[in-house]
């Protein structure tokens, strides 16, 4: 008999399917866990999105390279830091007596204005730095760590400064718009030499400045203030000043502006590292971020230097130009088509008071006295037969006797005016009615509510519309001679020379004129080109590639890079290879709060905000 163990039943696994209620509870638990997980994922996603938008979201793209919001914030912080530092330096300069409070307040206002649109300027600067870095790379331009270190050391160091006294002698000219004549220039040089002689004889510099200088600083003994070696007044003279020992004096140096300069160094403030530079900087951004921005700035600077030197190294297209200039006075209403007169006057008011004259009874003896004085002056001036002498005497009399002190200080000049304004009819109507008046004639006296006016007639001309039409008609003649037309009809300083302006580069011309002139053939003439002061016709007399002269070189150094770079950036923006995705504030206050500038910090120069 075989004994067998009884067959045991295997326990069955209980599942939710076995019990509907347990199954329901299981599903609820799973769902609850899933909801919690989903909420966590949403929160994490929101945090990630918020972090991305706040730090990593591109705000600009330059040929596929993104500029993040983090980089934008850092650039803004650096710009504000540099403005802060400038204010701190400004306040230190006031405390040390290197600058007066009025000048400091003016410069501080300029700093606040510079910060008004700081966020927009920061993003534009980043785009320029990135694009210029790419252009530099294409040209094989690089930047070394040593060059970055040198740039950082330069920024954290306050440069040497010098307090100076000056004697400036500017040639005195009859017409400030004209270059001085050789005689006027020689007279200025002689005055400067007298100043040097006085200094050599032992006279104090302050006294010499008061006697000989034509600059406003003479009123303060020639005190000019504090300068750095980057002062642009006259580079050669500034270089000479920084080569002097304390209390040294330069020789006479004539600048390109024609001014004769003598300078004396009265204080030397050595260069020194700014101990607060990095401690304050690191409150806003890390050294690594700052270093990277300096690297970008230096790379862009190298590109700028290379492009500028390329432009200066060879001949540049120039045009030999002549112009016909038709001046438009500020009072002319072009739509009215009225003729204009230029004149000067001497006013004799009752009791010397033009404001009170209108309330003075007609029978008051002061009216008769004023009339007698005016008539005597008119008779005396008419008796002078030489027109040039009469005109000069008129101006001197106006300065000495006219009760209209405003025009009197300018020799009685009333500039151009029409019959409808800006002067009273009693003064201007008789002048327009006397059509036979010629330059230098004396008219009047004429009585107005202000007194009696003696008038020097100077010129008469038609409206701008009429004069433009006259020039156009003359130029349309088959045998038209541009130079002769300029001599006859131009109001320009070069009219006597046939309107010749000489050889010019594009940067020396107004944009609208440059665009026209550099597309014309030799001998062709532009249409009338309007500007704030009038209308101009230009003729291209010659065109060729020429080396720039000294004046053109100075101009090109400031314009060559922008002329090369800006069209490329504009084209890239138009093509969509440079894009910006930032809000543009309608009100600068939306972007800048002046409190961002630390009021406890304090300029010697404006901060470099990059290219």
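Laboratory data are not the source of any read-out in this text; all were calculated from the coordinates shown. Here the structure is a predicted model, which means the values were calculated and not measured. Positions of Cβ are generated from backbone atoms using ideal geometry, with glycine treated the same way; all protein chains shown enter the neighbour counts.
Counted by neighbouring Cβ atoms within 10 Å, the residues 249, 157 run from fewest to most as 157, 249.
The calculated FRET efficiency for residue 229 paired with residue 70, based on their beta-carbon distance and R0 = 30 Å, is about 0.20. For the range 160-270, relative contact order (Cα pairs under 8 Å, six or more residues apart, normalised by length) works out to 40 percent. Per-residue packing, averaged as other Cβ atoms within 10 Å, sorts the ranges 308-316, 218-226 into the order 218-226, 308-316, beginning with the highest.
Each semi-axis of the equivalent ellipsoid for the range 160-270 is √(5λ) with λ an eigenvalue of the Cα gyration tensor; in descending order they amount to 23, 16, 12 Å. Taking one quarter of the surface of the C-alpha convex hull of the range 80-179 gives a mean projected area of 11.8 nm². Considering only alpha-carbon pairs that sit under 8 angstrom and 6 or more positions apart, the relative contact order computed for the range 70-222 is 18 percent. Taking 7 Å steps out from each Cα toward its Cβ at residue 181 and residue 288 produces label points 7.2 nm apart. Take every pair of alpha-carbon atoms less than 8 Å apart whose residues are at least six positions apart; their mean separation over the length of the range 218-305 yields a relative contact order of 16 percent.
If you bin all the Cα-Cα distances of the chain at 10 Å, starting from zero, the percentages per bin are 3, 10, 14, 17, 19, 15, 8, 4, 2, 2, 2, 1, 1, 1, 0, 0, 0, 0.
Every helix of 4 or more DSSP H residues in the chain counts as -39500 (n - 2.57), and over all residues that averages to -14500 deg cm²/dmol at 222 nm. In this calculation the C-beta distance from residue 359 to residue 466 is compared with R0 = 41 Å, giving a FRET efficiency of 0.50. Look at 273, 302 and count the other Cβ atoms within 10 Å of each Cβ; fewest to most, that gives 273, 302.
Each of 579, 438 was scored by other Cβ atoms within 10 Å of its Cβ. Listed from fewest to most, they are 438, 579. Cα-based values for the range 340-461, radius of gyration first and Dmax second, are 13.5, 39 Å.
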